[in-house]
Structures are given as C-alpha cells and as structure tokens.
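**Q** Structure incoming, see below.
Here, each number is a calculation from the coordinates, and none is a lab measurement. All of these numbers come straight from a predicted model, not from anything done at the bench. All Cβ positions, even for glycine, are placed from backbone atoms using ideal geometry, and neighbour counts span all protein chains on display.
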Amino acid sequence: MKNSKITKKEIRRILDLAKITVQPEELTKLTEDLGDIIVEIDKIKNLSEDFLVGNVIFQQVNNQFSLTSKKMTYSLERIKENFPVTEGGDPVIPPIKGDK
C-alpha cells in the first residue's frame, strides 16, 4: 500500500455497512485508490487553507488601513510579499512572549 490514509480494516467496515462484498485483490486496490483520493483531497484542503490565510491577512491589513485612509492601494500579492514564509510557503508565526 502506497499510503496509510485509510486501512483495509476501515474499508472492510465501510463495505460491510454498505453490504458490498469484494475479492481480496479488489480490497487491496480499493484501499489504495481511496487512500490516493484522500491524499488529493488533503492537497486541495491545504490549498484552500493557504488561500484563506492570505485573505485573512489581507482583510486585517485592509481593515487597519481603512480606518486611516480613504482608498487602499495595496494588492493582496503586495501585502503577502511583506510577510515572512518558510521554504514550504507557510507563514512564519513569531514566538509568543515567554516561548524560547
């Protein structure tokens, strides 16, 4: 099995609940296929979370500037350029006071 997102035992439980029977080789293939689907869904979920983080940052900056200026001239991309990120593209969270 290529990934461990779902086990044969979990697949068997789902098949039992659905009253579906499959051959052992089909169970292996089904487990791999569903595991691959879950991996792809996780990738989409991560993209969505990255997009949301960027929009939340943009909205916070937009709200801050809207109190002091009539028109915001910064784009989301420009704002994101000024926030540090890891090599993986995740935002760098500054340490909380007291953390070492």
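**Q** Distance in nm between label sites at GLU77 and ASP33, each 7 Å beyond Cα in the beta-carbon direction?
**A** 4.0 nm
**Q** Check ILE6: other-chain or 5+ apart residues with amide H under 5 Å from its amide H, H built from backbone geometry?
**A** So ILE6 has HN proximity to no qualifying residue.
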